[in-house]
1. When the residues of segment B:219-248 are narrowed to those that are among the charged types (D, E, K, R) and assigned to a loop (DSSP other than H, G, I, E, B), which ends up surrounded by the fewest Cβ atoms within 10 Å (Cβ to Cβ)?
2. Taking segment A:172-194, which residues are closer than 15 Å to residue A:136 by Cβ and either in contact with a strand residue (DSSP E or B) (Cβ under 8 Å, 6 or more places away or on another chain) or more than 9 Å from every other protein chain (Cβ to nearest Cβ) (or both)?
3. Under 9 Å between Cβ atoms, which residue pairs at least 6 apart in sequence (or on different chains) link something in segment B:236-258 that is within 20 Å of residue B:268 (Cβ to Cβ) and at pLDDT below 90 with a partner that is assigned to a loop (DSSP other than H, G, I, E, B) and of a type in the set (A, V, I, L, M, F, W, C)?
4. With B:264, B:301 as the choices, which residue is outside the structural domain of residue B:33 (by TED's automatic domain parsing), farther than 25 Å from residue B:403 by Cβ, modelled with pLDDT of 90 or more and charged (D, E, K, R)?
5. Which ones in segment A:108-151 are among the hydroxyl-bearing types (Ser, Thr, Tyr), touching a strand residue (DSSP E or B) at 6+ places or on another chain (Cβ under 9 Å) and surrounded by fewer than 22 Cβ atoms within 10 Å (Cβ to Cβ)?
6. Taking the condition among the charged types (D, E, K, R) and touching an Asp or Glu at 6+ places or on another chain (Cβ under 6 Å), does residue B:302 pass?
7. Of the residues B:129, B:119, B:89, B:107, which single one is in contact with a helix residue (DSSP H, G or I) (Cβ under 7 Å, 6 or more places away or on another chain) and farther than 30 Å from residue A:193 by Cα?
8. Exactly one of (1) modelled with pLDDT under 90; (2) of a type in the set (A, V, I, L, M); (3) surrounded by 24 or more Cβ atoms within 10 Å (Cβ to Cβ) is unmet by residue B:86. Its number?
Amino acid sequence: MISGIRSDLTQMLALQRQSRELSHALDIATQELSTGRKQDLVAASEGNLARLHGMDTRLAQIASDQSAIDLFDRRAELADAALAGVQEMLDPIGTEMQAAAINGDAARARSLATDAAARMEGVIGILNSTTGGRALFAGANTDGPAIATADTLMTVLRAAIAAAPEGEDAVATFFADGGGYETLIYAGAEPGAAGSLSTGAPLANMPTANAPEIRFALEGLARAALSLTADDPVARQIEAGATLANAGREVIALREGLGADRYRLEIMKDVLKAEETSTSLARASITSADPHETAARLQGLEAQLQALYVVTARLSSLSIVNFMR
Amino acid sequence: MSLSNALSLASAGLAASSKSAQVASENVANALTEGYARREVVRGPDGTVTTRRAEDVVLTAARRQATSGAEGARVTAEAADRIAGALGLPSDPASLSGRMDALDQALTSLISTPESRSLQRGAFAALDLAVTGIRDAASDLRAVREDADTAIGAMVTRLNAAIEDVHKLNGAIVGKSVARADTAALEDQRDRLIDEISGMIPLRVVDREDGNVALFSIRGAVLLDGRPEPFGFTPTATILPEMSQEGGQLSGLTLSGRDARIGDGRGILGGGALEAAFVIRDQTVPQATASLDAFAFSLADRLTRADASLAEGQPGALLDDGAALDPEAISGLAGRLTLNPALTDDTSWRLRDGIAAEAPGLTGRADQVIALRDALRTRETLPGGATSRDLATHLATLSAELNSNATRATRDADFARAERVGLSEQEAAAIGVDTDAELQALLLIERTYQANARVMQTVDQMFARLMEI
């Protein structure tokens, strides 16, 4: 303003403008104090909104990754428990049957073989278990079931043996890759791609009921069942016992693989957690308004506005009109 | 000097005093009227009293120029704000960026549990929201452009009317000033009209004889000099993204029937709100729209390429107004982007099995979903662009750019407004009313009046004495 010259309109406009500007600043400070977030994100990020958004995207991806890992972990835990059940079914029976048959305890071997045949039903039941409507061991065919019933398996297997040429181990062929088990009994599918985390680390697939380890276990149980009707039960039971004992170890190996995947992803989860914390902190340092600083600013503005009101009141009484009476 | 001469002089003094009091009271009454210039009493050599408007030619011209700049900056800032708002702040979940992030998350969830009906529907809903978001952003941009065109139409109408009014007032002022009548009120009115015009086009006001004024644009176009020069413009109601002034579908500006170049920063009518509106219509919005179109094309193209179920040339998940994408016709795509009708809430399993899949495939097979998500995350260039980025970053970069444009434009507008306010205050201080000064003058007027009255009384007494002789 040019000193020495004044007009009422200038004075009024100037006071109006100043009080408007102060009120606006006061509004912003109040909002920032109550929300704890800066109002002007563009200014807060120094115009670099893309960086802010990069952090948001990263945080969202970390959250997705974490829930993917959690989901995998839950399923792996269930699969592991199921495999533990399978292992328990196989474990003592194989070696015991083998020992009984070798020692000539035919009755004991026979009863163990009968038991094994009955356990096939239990193993298949476990392999057909579901979680939240999702078949655990059926690969991409999550509707399940993974395998046909024990009765069907044995019927199909006996037919295959009958059709097989003399001298061939029809049972081994049946359970081998591309054999009758895979084509006729296994109702699941190959596991689809499991996807990867945003870091590129692959997620792991669940084992299916078509895994060689599982096929081996079923083969042992089937051999035990077949030995009951075989011409040379003792020899067959020694064979079945050996297969079953090996199968137990195979299933443990399968569980170990699953455990290793779980461990690997658990570590990934810790890494993600650490990254989440640091990214959140970095984001907060940009967007959050320091309450102490905001409160101080608010107080300053308040005092300024009050001063302006006082000045307005004083100026309006400072007029010759008031002194002409 | 004769007594009667003294008497008539005193009487003239009384008349002058009451005229001055009238001027002072008028000034006080209008002390807070914006655009009112203080009246000053001018005493003629023959004792006559006339009034004159206070003026400060330099300040007024500077304030008018600042007004042009401020109005232009305001129009630019408002449009930039709306353009940035069309895409939203990248950190806001409702923004287009937020929607693209939600799509990525929905696909990621679906990868873990591809058989889930609710996750399939969630991914479909996220894709639908993203497409709707792109279309809404495109229609917001289109509205900004149409509004700019409408605003140009309104400004041109207003300009023609205001220039015509200034012309008429010129005539009235000349008539009154020849008759030595008071022209101040008419001049106030004319000044307000000129202020209004200078918001749209920066003006140079040149005084002609007898109180006439001529109006030129600062850069030299004649708007009014003896006769008003008419502006011409035809608003276009519906503006599609591919329409342009160069293409002949949009109207340009004419002055006195000749094309007037505006909107490139060098035209003779540039510098005010009118040019700003042309820049928005012909440059700012088309550029933002083109970027959005390129983004929309890239999204649709990535999804199509990632879909293994599609044969060569078969339309993918996103369509251009119901038809397959055409890389040669990207312009305006964002506004026409639709979902493939094969993909609905009921058939959202097609996100897992491919758009062309006849029936749902293996429930737990996520290969297709992984391909879709990874396609969005792959670093690629946009059509017409040079930098490889994943799709979300492309979008975030675009909206960050639009937002910082808006911030810059707002800051410019704030500066321009502050400059105008400062000059307005200076001008008001120079030519406005100071009631203290007026009241001070009133005290003097009172004294003068008393003195003149006393002179008359004395002369009257002298006459009375003469009569007694």
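1. Quick first cut of segment B:219-248, residues among the charged types (D, E, K, R) only: B:219, B:225, B:227, B:229, B:242, B:246.
Right, trim to assigned to a loop (DSSP other than H, G, I, E, B) and you get B:219, B:229, B:242, B:246.
Working: B:219: 14, B:229: 17, B:242: 13, B:246: 8.
Ranking the candidates gives B:246 first.
2. Of everything in segment A:172-194, those that are closer than 15 Å to residue A:136 by Cβ and either in contact with a strand residue (DSSP E or B) (Cβ under 8 Å, 6 or more places away or on another chain) or more than 9 Å from every other protein chain (Cβ to nearest Cβ) (or both) turn out to be A:186, A:187, A:188, A:194.
3. Hits for this filter: zero, empty list.
4. Going through B:264, B:301 in turn, just one is outside the structural domain of residue B:33 (by TED's automatic domain parsing), farther than 25 Å from residue B:403 by Cβ, modelled with pLDDT of 90 or more and charged (D, E, K, R): B:301.
5. Taking segment A:108-151 as the starting set, the residues that turn out to be among the hydroxyl-bearing types (Ser, Thr, Tyr) are A:111, A:114, A:129-131, A:142, A:149.
Subsequent filtering for residues that are touching a strand residue (DSSP E or B) at 6+ places or on another chain (Cβ under 9 Å) retains A:129, A:142.
Selection gives A:129 alone.
6. Values: among the charged types (D, E, K, R): yes; touching an Asp or Glu at 6+ places or on another chain (Cβ under 6 Å): no.
Criteria not met by residue B:302.
7. Numbers: B:129 fails: farther than 30 Å from residue A:193 by Cα; B:119 fails: farther than 30 Å from residue A:193 by Cα; B:107 fails: farther than 30 Å from residue A:193 by Cα.
On inspection, the qualifying residue turns out to be B:89.
8. Tallying (1) modelled with pLDDT under 90; (2) of a type in the set (A, V, I, L, M); (3) surrounded by 24 or more Cβ atoms within 10 Å (Cβ to Cβ), residue B:86 fails exactly one: (1).
The values are calculated or read from the model by the stated rules, or taken from the named source; none is laboratory data. Just so it is clear, the structure is predicted and the values come from calculations on it, not from any experiment. FYI the Cβ positions are ideal-geometry reconstructions off the backbone, even for glycines, and counts take in every protein chain you see.
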